[in-house]
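A short worksheet on the structure shown next.
The values are calculated or read from the model by the stated rules, or taken from the named source; none is laboratory data. Remember, predicted model here, so these are calculated numbers, not experimental data. Heads up, the Cβs are rebuilt from the backbone with ideal geometry, glycines too, and the neighbour counts pull from every protein chain shown. Areas reflect the complete protein model, heavy atoms only, side chains present, ligands, DNA and RNA absent. Shrake-Rupley method; radii C 1.70, N 1.55, O 1.52, S 1.80 Å.
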Amino acid sequence: MNAILRTRVYEEIFTSHFTFSESATSCKSDCGNYRLSYILRKSAGKTTYLPSLEWIADRRPQAGLELLTLEWELPSHSLDSARIFQHGYQSWSISASHSLEEPDTPPTLDFLRYSQENIYTEHSGDSGHWISEGFVLLCADGEDSKYFAGAIGKGNEGLKFRVLSNSFLKELSAKKKKQILYSSVSAIYDLYRFEGFKGNKIALTPIRISKFAGDEGAFLRSYFSELGKAHRVKIPSSPVPVGWCSWYHYFTKISEKIILQNLNELRKRNLGLKIFQIDDGYQKEIGDWLETNDRFPGGMKLIAEAIRSEKLTPGIWLAPFLVRPKSKFFQKFPEAVLKDREGNPVKAIWNPNWGMDYTYALDVTHPTSREFLATVIKTFVKDYGYTYLKLDFLYAALLPGWTYDRDLSPHKRYVDSIQFIRKVAGKEAFLVGCGAPILPSIGLFDAMRVSCDVAPFWTREKKRILLKDRDALSTERALINDITRSSMHRTLWYNDPDCLLVREKKNKLTEAQVKLMASVMSVSGGMLFVSDELSSISKEREDYLRKALFVQSKCRNKTPIPIGIASNFFPLAMFNPAGFLGIWNPSDQSKDLELVLSFPWDKKNSVDIWTGKSPESLHWDSKKKTLKINLEPWSSYILGPGKLV
């Protein structure tokens, strides 16, 4: 077992190596400055490592010492041929399975990488060389053998896993480079902070290793449950939210008139929605949140009062860590904007909805930024009455820069900032994270977006495919994550699978795709928001919405299990313990699907919610616990008890 620590003193990079002797749990670095140790715990096929790093040299660390990364060799996966479930870094990052021999290819453009993936991660693009964020799962081809490695507790640093196929490892070993760990699996800690080792020892995020057989979906549900307990997650006592959102019909072109028209229409429809959320487009500028544009002459407090008068909860969208160059904050407090080492503002995103130039990030450690955030959150929650906050583009708090407080890792300054927002907002506020790094967000939010944005079209746009943008917004990619991350629901937070679109106009989704979308989202049991112009929804499409809301109401109190996440890029089924089984075929070819069920299933629950009938091709073998069904192209079923009561 070996490890490599990368550090920097001013502009010079240093590398320290650790070579553990057999069965040793502590090792001194070759430079003599550091010791890497770990406590080992084993139980029921699970091995847990609790590592720590300490300074052991007689002299104090040199001024300006910055810890960058620690890469640590883990037990080999020992799989000759396998599929890898690669977990994404943040809400929008694709989380799906691939052949281990495929290349791990990130988006071509820089701004797509740092706004959708981990800016601290370099994906080589080589076949058989993978990086998975937070945890990784490997499933052998042709046999029931699985390998898992993942974070299993709190820490102040990022954690990801490098996985190499045996064929790539063989090629790499032939190159004999000293700066590389020759290991099929290694853990990488993203530290990126200045460190004086005043306490001498740094406890690192604990890691769990498991080699197991059986259903990988059930394993992940158990893992998320244990991870949530380690973070002392408190699931909200309020019901899983259902509501309306302005974004996917109007985008930034909303107005006071449009908002009030939809509020009035919602009263007429009587859909049972509880949250009425206003998205991007009300503010004068990104960063000037308390100033409305000309389309909102009455201001946001007036609208909140109108929403409450309908006995609905007012919701508002904010990107609290972003500022535009034209904003008053940027102009007045440039010292509170995150800068790089040369003093240039750090780019957070290029978003043409806001202009053709870049949007920048706050230095969240700066006192002026803290004061600004406190004023914005307090005004919206306490003064205006928006107790549902959708907080977006949160990755910006972790971007690299020359921060006011340089002793904090990106991970820690993000956690501190969200905790600060929670303190200001109060316990009565419902916080939804979006564009947020998954691992450090555990225990901080009531709900979390678990996918990229949906869209009024199915697959990625051609230009995004050409740019190798695997995380590009599309309904297909959103639903993949909604399934693969479904077991985070009620173990880490309430899942937000993004909004359901049922309208016919301004929507390139086919009716079958709308139905499939509704099937995935409702069976997942997560939040369910509709984002259509309500007056444009036909009676037929409203029926889809009502049935989806019914299924969600039955499924929301249970944690679902994804089925087939290791064998299919788009998993074909999901089971909710409330008694509902979702099955779908998102392709142009018919499929004969056979599911080996690892959960109790009652044949009585075989009525399709959409048609009220049991599918003719459905066959259940109670002895083998297998369910067989023929799926026509783009078909979807929700098998349940049958009655909409």
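Hydrodynamic radius of the chain by the Kirkwood approach over all distinct alpha-carbon pairs: 25.7 Å. Counting only protein heavy atoms and a probe of 1.4 Å, the accessible surface of segment 237-355 is 51% carbon and sulfur. Residues of segment 84-114 with an amide N closer than 15 Å to a point placed 7 Å from the Cα of Tyr358 along the Cα-to-Cβ direction: 109-114. Size check on segment 205-327: the Cα extents along the three principal axes, sorted descending, read 60, 43, 25 Å. Looking only at segment 197-216, which residues have a backbone nitrogen under 18 Å from a spot 7 Å from the Cα of Cys31 in the C-beta direction? Those under the cut-off are 197-202.
Projecting the Cα atoms of Ala203, Ser76, Ser165 onto the charge dipole of segment 2-213, computed from C-beta unit charges around the Cα centre, puts Ala203 farthest toward the positive end.
Distant-in-sequence amide contacts of Val337, defined by a placed amide H-H separation under 5 Å and a gap of 5 or more residues or a different chain, comprise Asp363. Under conditions of 20 °C and 1.002 mPa s, segment 291-423 yields 135 µm² s⁻¹ as its translational diffusion coefficient, taking Rh as the Kirkwood radius over Cα pairs in the Stokes-Einstein equation.
Only residues of segment 382-414 count here: report those whose backbone N is under 16 Å from the spot 7 Å along Cα→Cβ of Arg8, or say none. Of the residues in segment 382-414, 398-411 have backbone N under 16 Å from the label point off Arg8. Expressed as a whole percent, the accessible surface of segment 2-213 that belongs to carbon and sulfur atoms is 48, based on a 1.4 Å probe. Placing unit charges on the Cβ atoms of the charged side chains and taking the dipole of segment 559-638 about its Cα centre, the candidate lying farthest along the positive direction among Pro633, Val596, Thr611 is Val596. Between Trp402 and Thr510, residue separation times 0.36 nm minus the direct Cα-Cα distance comes to 34.0 nm.
Computed with a 1.4 Å probe over protein heavy atoms only, the accessible surface of segment 2-213 comes to 42 Å² per residue. Taking max minus min of the alpha-carbon positions on each principal axis, segment 166-262 gives extents of 67, 43, 34 Å, largest first. Label separation (Asp294 vs Glu143): 7.1 nm, computed from points 7 Å beyond Cα along the C-beta direction.
Averaged per residue, segment 368-426 has 35 square angstrom of accessible surface, using a 1.4 angstrom probe with ligands and nucleic acids left out. Normalised by 2.2 N^0.38 Å, with N the number of residues, the alpha-carbon radius of gyration of segment 109-235 equals 1.21.
The share of alpha-carbon pairs in segment 133-206 lying farther apart than 21 Å comes to 46%.
Note on the chain: helix-only mean residue ellipticity at 222 nm, from DSSP H runs of 4+ residues weighted -39500 (n - 2.57) and normalised by residue number, equals -6500 deg cm²/dmol. Scaled against the 2.2 N^0.38 Å expected of a compact globular protein of N residues, the Cα radius of gyration of segment 2-213 reads 1.03. In a reduced charge model with +1 at each Lys and Arg Cβ and -1 at each Asp and Glu Cβ, the chain shows a dipole moment near 1500 debye about its Cα centre. Taking the DSSP bridge list for the chain and keeping only pairs wholly inside it, about 80 percent are antiparallel. Could you pull out the pairs from Lys347/Lys558; Lys170/Lys211; Lys591/Lys613; Lys558/Lys628; Lys378/Lys412; Lys257/Lys382 whose alpha carbons sit more than 31 Å apart here? With Cα atoms farther than 31 Å apart: Lys347/Lys558. For segment 519-645, the solvent-accessible area works out to 43 Å² per residue, with a probe of 1.4 Å and every protein chain left in place. Look at the Cα gyration tensor of segment 416-524: its axes a ≥ b ≥ c give a/c of at least 1.5 with a/b over b/c, and that counts as prolate. Other residues whose C-beta falls under 10 angstrom from the C-beta of Val454 contribute a net charge of -3, scoring Lys and Arg +1 and Asp and Glu -1.
Distance between the modelled labels on Lys558 and Lys175, one decimal in nanometres: 4.9 nm (7 Å Cα→Cβ projection). For the pair segment 288-310 / segment 406-452, the C-alpha centres are spaced 25 Å from each other.
Here r is the Cβ-Cβ distance between Ala24 and Asn630 and R0 is 45 Å; the resulting FRET efficiency, rounded to 0.05, is 0.20. Taking label points 7 Å from Cα along the Cα-to-Cβ direction, His98 and Ser238 give a separation of 3.9 nm.
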